């Protein structure tokens, strides 16, 4: 088994509130190898906050603590901003949910990709431009020259998301964190974007953290799944076994989805139990704690 | 209950005119639940908004209960028959009006009596206890807000509910609760639903028939059994069903 790309032990994110401290993430541990790791849970389960904590994007007064937060064997926990900026975008990239809010509306798309790339690679402008064109082609944008000069409002949502992926992947990061990258997209476009991410993970040997609320999608797309509830991982299992999940929370989520192939009169409703907040983590075999790899 | 014939809806003026809906036709029977599905920009929500009177630029014929609607005005009787539930419960409730104020205002506008009892009854109907009556939207979860929005729509005692993606902003577990609530209300009050959704499995669960839309046109009207079996007449329908089934890696 190879060294994991990212190793997280007992990660905690805490926010002070008027009612005392609130822990959004309460002791998460996992390793990421060259694989597609799905993180699923409801809103408020801490899945996005986990991604932000890894990238050092939790703003004060929020606090990030961990026993270990290692990227390639070196700790990146609470690094000074200067050093973190080198890692963020360079070695770990993030694709957010809605491309409309992550692209600069008053700057041509090509400029944005070039600027992002030159922050991390010491290359002259024309080389960076070449790279930007290559990246746009890699995400299957048909007319990259035209798109380079377009503004974000002139492209569709699916195209915007592919542009974001192109921008994020230009510096050749080892890890891509995708936070609900397809939730704002139509189903037909969704498949395209997923295919592109899948190909890039495969070809470049990247690690992908895929944050989503869509259990079925994660089961089909990822290699391994962490299920989060109230800031903790309640179950870890290989994605293909998701439908054999044992934790009552995971089961409840799966059962509450309407299905075309199995019509029911009433949908089962999730009955939450306090024990889920503290109970044991279920994982089928001890070795799923370690990266499975592709 | 609802007949739509030859409906065109457009935005703007030539040469920048956008035809959002082109020649839509369907009918929804009393007590039926009818779905409109399609991708974003296919015109499904636009049809709903044109029926509700939120878009004045349409032509063709829309009949509710056999009575044709005027292009730009809706009378009181219309809003007693037809009500709408919007997609985003975070945006559709006034942040500084309590649940009580929202429901009381609606009831007064509808000219109802016994407002106090009716509010209590409405809250019961949508499964919110009386304790929620004096709360503000920020004190409610997404699912609870959507229940308030449904209660507000029910205040007029309508017979046709227009549902615009009523659960797409909610978690799956909460979605199940709201879908169950809508199903219960439909059977208790004998409601007719016209429901827009991009989620085929939600429409499959809730509706009896559905129309598939693409580029502003209705490509196909189908029974829900055909949807379940993947029996689309048109190519596009089959593609949409396949894409909704989830992700499968290219060979």
What percent antiparallel are the DSSP beta bridges of region B:2-244, to the nearest 5?
50 percent
So what is the calculated 222 nm ellipticity per residue for the protein assembly as shown, using -39500 (n - 2.57) for each DSSP H run with n of 4 or more, over all residues, to the nearest 500 deg cm²/dmol?
-10000 deg cm²/dmol
Test of understanding: in a Gaussian network model of chain A with alpha carbons linked when under 10 Å, which of A:160, A:46, A:20 would top the mean-square fluctuation ranking?
A:20
Antiparallel bridges, percent of DSSP beta bridges restricted to the protein assembly as shown (to nearest 5)
55 percent
With r defined as the distance between the Cβ atoms of residue A:17 and residue A:81 and R0 fixed at 25 Å, what FRET efficiency is calculated, to the nearest 0.05?
0.50
Can you give me the distance in nm between label points at residue B:245 and residue A:122, each placed 7 Å from the Cα along the Cα-to-Cβ direction?
5.3 nm
Square roots of 5 times each gyration tensor eigenvalue, C-alpha, region A:14-151, largest first, Å:
33, 18, 16
Would you mind getting me the FRET efficiency between residue B:225 and residue B:40? Use the beta-carbon distance for r and R0 = 22 Å, nearest 0.05.
0.25
Using alpha-carbon positions, the gyration tensor of region B:120-211 gives root eigenvalues a ≥ b ≥ c; with a/c under 1.5 called rounded, otherwise prolate if a/b exceeds b/c, else oblate, the class is oblate
Among B:200, B:210, B:240, which one moves the most in a GNM of chain B with springs linking Cα atoms closer than 10 Å?
B:240
Under 11 Å from the 7 Å Cα→Cβ point of residue A:261, by amide nitrogen: which residues of region B:224-245?
B:245
Pairs of alpha carbons in region B:1-84 whose separation is greater than 21 Å (percent)
26 percent
Apply 1/(1 + (r/R0)^6) to the Cβ-Cβ distance of residue B:138 and residue B:168, taking R0 = 22 Å, and write down the FRET efficiency to the nearest 0.05.
0.55
Tell me the Rg and the Dmax, in Å, that the Cα atoms of region B:89-139 produce.
10.7, 29
Dimensionless Rg/Rh of chain A, both radii on Cα and Rh by Kirkwood, sits at 0.98
What span do the alpha-carbon atoms of region A:172-226 cover on each of the three principal axes, reported in whole Å from largest to smallest?
27, 24, 17
Tilt relative to chain B, helix B:115-125 - C-alpha long axis, 0 to 90 degrees, to 10:
50 degrees
Compactness of region A:220-283 as Cα Rg over 2.2 N^0.38 Å, two decimals
1.18
Square roots of 5 times each gyration tensor eigenvalue, C-alpha, region B:193-243, largest first, Å
15, 13, 10
Normalised per residue, the volume of the convex hull around the Cα set of region B:2-244 (Å³)
129 Å³
tail above 31 Å in the computed P(r) of the protein assembly as shown, as % of all Cα-Cα pairs, reads 53 percent
Among B:82, B:18, B:99: highest mean-square fluctuation, GNM of chain B, C-alpha pairs under 10 Å:
B:18
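Bear in mind that the values in this text are calculations on the coordinates, not laboratory data. Here the structure is a predicted model, which means the values were calculated and not measured. Cβ: placed from backbone, ideal geometry, glycine included. Neighbour counts: every protein chain shown.
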